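For reference, the structure is listed below as structure tokens.
The values are calculated or read from the model by the stated rules, or taken from the named source; none is laboratory data. Since the structure is predicted, the reported quantities are computational estimates derived from the model, not experimental observations. Backbone-built Cβ (ideal geometry, glycine too); neighbour counts: all protein chains shown.
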Amino acid sequence: MHFTIGNARMLDGNIVDVVINGDVISEIGSGLKVGEFIDAKKNLLIPGLVDLHTHLREPGREDSETVATGSAAAAKGGYTAISAMANTFPVADTAGVVEQVYRLGQEAGLCDVFPIGAVTQGLKGEALAELGAMANSKAKVRIFSDDGKCVSDPLLMRRALEYVKTFNGIIAQHAQDPALTVGSQMNEGIVSARLGLTGWPAVAEEAIIARDILLAEHVGSRLHICHLTTAGGVDLVRFAKSRGINVTAEVTPHHLLLTDELVQNYDPIFKVNPPLRTEKDVLALRNGLADGTIDIVGTDHAPHPTEDKDCEWQSAAFGMVGLETALSVVVKSMVESNLMNWSDLVDRMSIAPAKIAGYSKHGNQIIKGAQANLTIIDTDKTWIVDRNRLSSKSKNTPFEGMKLPSQVIHTFLNGKQVLNNGLVVNGGSN
Amino acid sequence: MKKHLLSINDLSASDALEILNTASELAKISDGPMKKLPTLRGRTVVNLFFEDSTRTRISFESAAKRLSADVINFSAKGSSVSKGESLKDTAQTLQAMGADAVVIRHGASGAAQRLADSGWISASVINAGDGTHEHPTQALLDAYTIRSKFPEFRESFAGLKVGIVGDILHSRVARSNVLLLTKLGAHVTLIAPPTLIPVGVTDWKVDVSYDLDSVINKVDVLMVLRVQSERMADSFFPSEREYSRGYGLDLARLNSLKSKAIVMHPGPMNRGLEISAESADSHQSVVLAQVSNGVLVRMAVLYQLLGGAALAGEVSA
């Protein structure tokens, strides 16, 4: 099937027509009009966004999110590829579970869903899961993570880093020393002292980052640091890269914009793991993302049902939804502050994550022959976040009521439109 | 004054002084033949206690009763809460019962604020201790007690030197006292081993010392905090004996206090750990006065929050 995305603005400012044939871009030029003509109205055309850190909750917690509802949220946020974290019930630690998640993603057909496999059986941190079986399954898992929990045993972490070299895998570490964070509720500092909430020291994150950087160097493996939150962590990754160690790092949109001052009223909507940090940390993260020390933005989209946030802080669940606000929050924190331009943003949110994960059909330059995974953004539009209009099944956004720049208008997955004028296209099936 | 008392931050210095002055007026009435006032007749005060604290609950209960309020004691221990009912459902139940004020004690920091902010309930909320956050009526009764012992500091605590010794990190009493005492102008020094001082203390308007003996002879008021022995299990200090040697108020330290200095403790005391029997029972100790002042100050808080006509008018009515 042929169609044309007309009057699309490229990153270099040129206005072009892009012809899609099947699932690839067959021609780029001007004055083209093959098949249906979708007028992009000079809005920005970029490769579809890629998330390496998504919690879809299925199987097990379908009350908070399913693969289908999470995929719809992804399409709405401009994502064409997302990576489902392993902390489901049952845990994605076998070929069976990762194949199920992969298949559910294909059936939903709104976004490519790539499962992440658990590093250890049941996320218990005791014994390796069958990493090879997951890698060789139909889901072709390459990223392994116990996210939500840290692989804290140094020997097990070393073994995991070494073992995944067989299939060019990567270990994505949730850096949190469990002994230093027993009962931790929020960033340890001035605000936690005032609020009487158990502190979560920056060193609990940085100590694991430092250790794992050195392990990765020792065994020559690929290490990915999930959701960096501290200025010290940025320094450690910068040091590792200067030493030529094969480490990549990620930051979430919320850690680029929000600080621990928001905890002051004990509203658990701001409760997240790792916790919101200080303004100094936020500025260091922004600078790290701008200079490339931090490679990518990962949403850490973490849906929770209302009752898990409608309670006292201590009892509330950790996590925030983020797929539908990620792009706008990154524009607000990075582009509007002139730390990055749109090309940098596309690198950090599409090209670089696809490269790290090996998602070869995503995050490519928009050229003839490339897979048609595309997103169109109105960069002049601002919008106000309304939790009730989220496609995600859960509504736990910390950005409620916030005015944000840039809105995703259309998303195309493998040559098929999955978002049309901000509305998810129903019945999308492969 | 605001609708709720969740933190000392809800009070200006003049709000706080007004509560203390009201408590002084109530003290005069309490010394008279007719102890009970009709002020809150027909109003309902709920004591919602998710943690055991017989002392605090009894204090609030007698305060409410002396103002003629109806009192419902809701002890969440052993009730439906321990079977998994949420704070929200409990609050909405109390709302349906028509509570005018809810006095809440909860193990989670911020629980009182959540109750007040969430829209679950329209009653005034009084924080009777939330986790390791605050215990504002304790600070008010401590300030009242200090004022009654030092009449020269009646309108301001400027020039008053207070030492607070003990587990600052986990103490809601310390947090509320630091806020109130400094708001009233006192100079506060926190004394504890570094493990029991919050990392973020740099933001507090206090001095910090790790050495009780270098501070003790300079203070007018020494507040001794309860130390929970489970802190030892978490390696905050090596042993009860070592803590007691370094930070306990024993007889020798009692003797090094200024002669007019007073010793306070929010109770219950661990005699022999943070305070020796001689110190607890000495003429400088005002521990029992703190208890009786607690009722007066809590009456004043209920009176201020639930509103009433001028005191004098009511007495004559």
Exercise for the section: Could you tell me which of the residues A:V297, A:V335 is surrounded by 21 or more Cβ atoms within 10 Å (Cβ to Cβ), on the phi < 0 side of the Ramachandran plot and of a type in the set (V, I, T)? Expected result: A:V297
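Residues are listed down the side, and each one gets a yes or a no for (1) surrounded by fewer than 23 Cβ atoms within 10 Å (Cβ to Cβ); (2) assigned by TED's automatic domain parsing to the domain that holds B:T54; (3) assigned to a strand (DSSP E or B); (4) modelled with pLDDT under 95:
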position: B:G98; (1), (2), (3), (4): yes, yes, no, yes
position: B:V103; (1), (2), (3), (4): no, yes, yes, no
position: B:A112; (1), (2), (3), (4): no, yes, no, no
position: B:V125; (1), (2), (3), (4): no, yes, yes, no
position: B:G129; (1), (2), (3), (4): no, yes, yes, no
position: B:L141; (1), (2), (3), (4): no, no, no, no
Fill in the blank from the handout: For segment A:176-191 the number of residues that are away from every other protein chain (no Cβ under 12 Å) and closer than 17 Å to B:A233 by Cα is 2
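Yes/no matrix, rows are residues, columns are (1) away from chain A (no Cβ under 11 Å); (2) of a type outside the set (A, V, I, L, M):
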| residue | (1), (2) |
| --- | --- |
| B:K88 | no, yes |
| B:L94 | yes, no |
| B:M97 | yes, no |
| B:D142 | yes, yes |
Fill in the blank from the handout: The condition from (1) over 24 Å from the mean Cα position of the chain (by Cα); (2) under 23 Å from A:N87 (Cα atoms); (3) surrounded by 20 or more Cβ atoms within 10 Å (Cβ to Cβ) that A:G196 misses is numbered (2)
Completion exercise
Note on segment A:16-38: residues in contact with a Gly (Cβ under 9 Å, 6 or more places away or on another chain), of a type in the set (A, V, I, L, M) and over 15 Å from A:A370 (Cα atoms) are A:V16, A:L32, A:I38
Problem - Residue match in segment B:65-81 (condition: within 11 Å of another protein chain (Cβ to nearest Cβ), within 28 Å of B:K36 (Cβ to Cβ) and either in contact with a Gly (Cβ under 7 Å, 6 or more places away or on another chain) or in a helix (DSSP H, G or I) (or both)) - result: no
Handout entry: Candidates A:L228, A:L180 - the one that is surrounded by fewer than 22 Cβ atoms within 10 Å (Cβ to Cβ) and either under 17 Å from A:N273 (Cα atoms) or not assigned by TED's automatic domain parsing to the domain that holds A:L285 (or both)
Key = A:L180
Completion exercise
Out of (1) free of Cβ contacts under 8 Å to residues at least 40 places away in the same chain; (2) assigned to a loop (DSSP other than H, G, I, E, B); (3) closer than 30 Å to B:N217 by Cα, the one B:G119 does not meet is (3)
Problem - Those helices (runs of 4 or more DSSP H) lying entirely in segment A:151-229 with at least 2 residues closer than 30 Å to A:A133 by Cα - result: A:154-163, A:202-219
Exercise for the section: Kindly check whether there is at least one residue in segment B:50-60 that is in contact with a helix residue (DSSP H, G or I) (Cβ under 6 Å, 6 or more places away or on another chain), within 14 Å of chain A (Cβ to nearest Cβ), of a type in the set (A, V, I, L, M, F, W, C) and buried (at least 16 other Cβ atoms within 10 Å of the Cβ). Expected result: no
Completion exercise
Note: among A:K140, A:K165, just one is modelled with pLDDT of 95 or more, under 22 Å from the mean Cα position of the chain (by Cα) and surrounded by fewer than 23 Cβ atoms within 10 Å (Cβ to Cβ), namely A:K140
Problem - The one condition in (1) in contact (Cβ under 8 Å) with a residue 24 or more places away in the chain; (2) within 14 Å of another protein chain (Cβ to nearest Cβ); (3) under 21 Å from A:G199 (Cβ atoms) that A:N265 fails to fulfil - result: (1)
Handout entry: Any hit, segment B:155-163, residues being aromatic (F, W, Y), touching a residue at least 24 places away in the same chain (Cβ under 8 Å) and within 11 Å of chain A (Cβ to nearest Cβ)
Key = no
Exercise for the section: Could you list, in sequence order, all residues of segment A:354-368 that are under 18 Å from A:L413 (Cβ atoms) and touching a Ser or Thr at 6+ places or on another chain (Cβ under 8 Å)? Expected result: A:A354, A:A357, A:H362, A:G363
Problem - Flag if A:D344 is outside any helix (DSSP H, G or I) and acidic (D, E) - result: no
Handout entry: Single match in A:L262, A:L276, A:L285 (criterion: in a loop (DSSP other than H, G, I, E, B), at negative phi and in contact with a helix residue (DSSP H, G or I) (Cβ under 7 Å, 6 or more places away or on another chain))
Key = A:L276
Practice task
Quick one: count up the residues across segment A:320-341 that are over 16 Å from A:K381 (Cβ atoms) and in a loop (DSSP other than H, G, I, E, B).
Solution key: 8
Practice task
Take B:S156 and decide whether it is at positive phi, in a loop (DSSP other than H, G, I, E, B) and surrounded by fewer than 14 Cβ atoms within 10 Å (Cβ to Cβ).
Solution key: no
Handout entry: Residues located in segment B:196-214, provided they are surrounded by 13 or more Cβ atoms within 10 Å (Cβ to Cβ), within 14 Å of chain A (Cβ to nearest Cβ) and not in a loop (DSSP other than H, G, I, E, B)
Key = B:L196, B:V199, B:G200, B:V201, B:V208
Exercise for the section: Say whether the condition of being surrounded by fewer than 24 Cβ atoms within 10 Å (Cβ to Cβ), farther than 26 Å from A:A135 by Cα and away from chain B (no Cβ under 14 Å) is met by at least one residue in segment A:353-365. Expected result: yes
